[in-house]
Amino acid sequence: MKHLTKRLVGRRVLTEPITGKETTAELFEKAFGAYVGREVRNAYEIIRKMIEKDHTIVLAISGAMTPADFGVSCIIPFIKAGFVDVITTTGANVYHDIQRLESDNWFEVNPNQGDVKLRKAGWTRIYDTSFPEDDLWETDNLVVDLVRRPDFARQMTTPEFHNLLGWHLARFGKRRFKRADLNRSILVQAYRNAIPIFCGAPQDGSIFLNLAFLKRKLGHKYKFGINLEDDIHEFGAYHYFAKNKWTKKLSVIVLGGGVPKNYSLQPEPYLTQICDIDAGGYDMDVQICDAHVQNGGLSSCTASEAHTWGKTSEDCIKSSQYVFADVTSTFPFIVHALLQDGVERESRRLFEKREEAIAFLDKTLRKYSLKAYYNKGKSRNEKLNGSHL
């Protein structure tokens with residue numbers, strides 16, 4: 001009976017009084033013993049293992065975190081500590097990252113005080129933060145000015161696009177942004193640390209609203225474009241490179257859900273289902289999100305459910321944690337604990353290995369003919385029809 005009990009239960013739920021002298025990691029251990037608190041503690045422990053075991057780490061950032069200045073408080077320290085190898089995010093986060101360089105006019109606001117009054121006064125609201133609407137025009141002008149430059153006049157992937165934006169902002173920032181601190185920009189810091197930034201739905205952000213207008217105005221002179229097929233292939237190449245030639249382990253940290261989460265997971269079915277290359281899936285997974293798993297949405301999909309799609313490995317099911325909470329109320333504690341622990345590592349500068357990673361995947365794909373691709377579905381159907389399912 002005792003042997004059975006040991007297999008059924010974990011550590012004792014037994015807390016200690018908080019003294020105020022604890023480190024954040026000690027606080028996790030002392031007081032986060034159950035419920036969402038334990039989920040946060042588990043998430044911290046798994047992320048620490050990712051870092052200590054030298055995993056390639058993909059960080060997915062949903063929603064509009066940069067308006068809350070979450071990039072400065074949490075994401076950039078994560079980047080500088082070497083905890084991030086790839087970023088997947090929304091067009092909103094990229095756009096507002098640029099906007100914050102143009103203007104620091106962001107203020108707290110009561111979300112219940114009346115949006116009609118805010119609109120008439122010329123203010124735009126994102127829940128409990130607000131900024132002058134005119135700041136959008138300034139950001140739009142900057143985006144249009146940058147993309148009209150010669151080095152943008154070609155087809156590229158979203159990591160190439162964001163790297164170019166980061167380069168221009170870093171180079172011209174001090175001259176253009178008189179009061180801006182370039183250390184507060186995710187785009188600039190990702191450029192300086194050679195971290196690829198993917199955006200799974202670039203057309204869903206304000207940057208591309210401007211570019212749609214610019215294309216109509218310039219006509220055939222407009223040469224810029226995002227190559228979606230190359231974008232998918234590049235992300236798949238980083239996954240395959242990480243799992244087979246680089247660190248040999250791959251993990252994902254998902255802040256929120258939505259497209260950044262889905263796009264971070266898509267390289268696995270691209271490699272396994274489409275290219276017929278067994279990539280193995282993510283090895284560890286942490287997600288902080290407030291979406292209910294019962295609604296069938298991708299945002300709430302667990303690592304276990306993702307395993308049925310080939311997106312996570314079997315081991316990942318044992319090394320994953322879904323934290324049912326708001327990111328801004330939990331992730332700062334995890335970042336604080338990790339930085340206190342002193343587990344920093346050197347930035348691996350994955351974007352500089354872009355061509356090597358793509359060539360590595362392409363070499364494997366050359367062994368796989370288009371005829372085999374078309375026959376793949378047929379052979380699988382034959383196997384299923386011959387089974388007893």
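Answer yes or no: is there a residue in region 87-104 that is under 13 Å from the mean Cα position of the chain (by Cα), farther than 20 Å from D135 by Cβ and not polar (S, T, N, Q). Checked region 87-104: at least one residue is under 13 Å from the mean Cα position of the chain (by Cα), farther than 20 Å from D135 by Cβ and not polar (S, T, N, Q). Condition test on G256, is it buried (at least 20 other Cβ atoms within 10 Å of the Cβ), in contact (Cβ under 8 Å) with a residue 60 or more places away in the chain and at positive phi? Answer is yes for this residue. Considered as a group, the residues in region 352-389 that are within 17 Å of I232 (Cβ to Cβ) and among the hydroxyl-bearing types (S, T, Y) include one that is modelled with the lowest pLDDT, and that residue is Y373.
When residues in region 341-351 are screened for being at pLDDT 95 or above and part of a helix (DSSP H, G or I), 2 of them pass. Counting only strands (runs of 3 or more DSSP E) that fall entirely inside region 103-211 and contain at least 1 residues that are open to solvent by 10 Å² or more (accessible area, probe 1.4 Å) and of a type outside the set (V, I, T), the qualifying elements are 123-126, 129-132.
Pairs needed: first member in region 295-316, at negative phi and among the β-branched types (V, I, T); second member anywhere, crowded, with 22+ Cβ neighbours inside 10 Å and modelled with pLDDT under 75; C-beta distance under 9 Å; at least 6 residues apart or different chains. Hits for this filter: T312/A303. The residue of region 305-330 that is farthest from the chain's Cα centre (by Cα), among those that are closer than 24 Å to G63 by Cα and surrounded by fewer than 19 Cβ atoms within 10 Å (Cβ to Cβ), is E305. Here I277 fulfils each of the conditions (1) within 26 Å of D97 (Cα to Cα); (2) open to solvent by less than 40 Å² (accessible area, probe 1.4 Å) apart from (1).
Given the structure, is A291 surrounded by fewer than 19 Cβ atoms within 10 Å (Cβ to Cβ), modelled with pLDDT under 95 and among the aliphatic types (A, V, I, L, M)? Yes; evaluated as a whole, the condition is true for this residue. Given the structure, is I126 in contact (Cβ under 8 Å) with a residue 24 or more places away in the chain, of a type in the set (A, V, I, L, M, F, W, C) and more than 24 Å from D326 (Cβ to Cβ)? So I126 does not fit the description; no.
Among the conditions (1) of a type outside the set (D, E); (2) modelled with pLDDT of 95 or more; (3) within 20 Å of K53 (Cβ to Cβ), the only one that V327 does not satisfy is (3). Residues in region 9-36 that are farther than 15 Å from I334 by Cβ, open to solvent by 90 Å² or more (accessible area, probe 1.4 Å) and either touching a residue at least 24 places away in the same chain (Cβ under 8 Å) or assigned to a helix (DSSP H, G or I) (or both): Y35 alone.
The values are calculated or read from the model by the stated rules, or taken from the named source; none is laboratory data. As the structure is a computational prediction, the values presented were derived from the model and not from experiment. Cβ: placed from backbone, ideal geometry, glycine included. Neighbour counts: every protein chain shown. Keep in mind that these areas ignore ligands, DNA and RNA; they rest on the heavy atoms of the full protein, side chains included. Shrake-Rupley method; radii C 1.70, N 1.55, O 1.52, S 1.80 Å.
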